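As structure tokens, the structure follows; a few thoughts come after it.
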Amino acid sequence: MSEFEQANLISWARHLARRGKLQDLFDPALQSMDQDQALLCITVAFLHLQRSPVKWPSIKEVVGMLSGDSEPPHLPIEFSPSPPSNLFKYRKKAR
């Protein structure tokens, strides 16, 4: 068994996020699942996997995102398959 096959759910989800394949987390047996709502829940969960706890949303913010009262979150850059190019330009200038 490969190291990837032995990985935990969070490692597997991170791997899929970086490849742009979050839908692979969905259980095919759940045919009546709202895929947009599932992606929203997964994205909110990723907000709490960021390295810096300062970036984590509060419970109030999470409830707002999930209820539709606030703007849906974007996948954090560290898990995104293609981070914005201007971020890399900024980092190069800062060095």
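Annotations
- Filter pass, Arg14 being in contact (Cβ under 8 Å) with a residue 40 or more places away in the chain and charged (D, E, K, R): yes
- Meeting the requirement of 3 or more residues that are over 12 Å from the mean Cα position of the chain (by Cα) and modelled with pLDDT of 90 or more, the helices (runs of 4 or more DSSP H) wholly within the chain are 59-67.
- Near pairs, Cβ below 7 angstrom, 6+ apart or cross-chain, from region 40-63 (without any contact (Cβ under 8 Å) to a residue 24 or more places away in the chain) to any residue that is in a helix (DSSP H, G or I) and surrounded by 12 or more Cβ atoms within 10 Å (Cβ to Cβ): Trp56/Leu47; Pro57/Leu47; Val62/Val44
The values are calculated or read from the model by the stated rules, or taken from the named source; none is laboratory data. Here the structure is a predicted model, which means the values were calculated and not measured. Cβ: placed from backbone, ideal geometry, glycine included. Neighbour counts: every protein chain shown.
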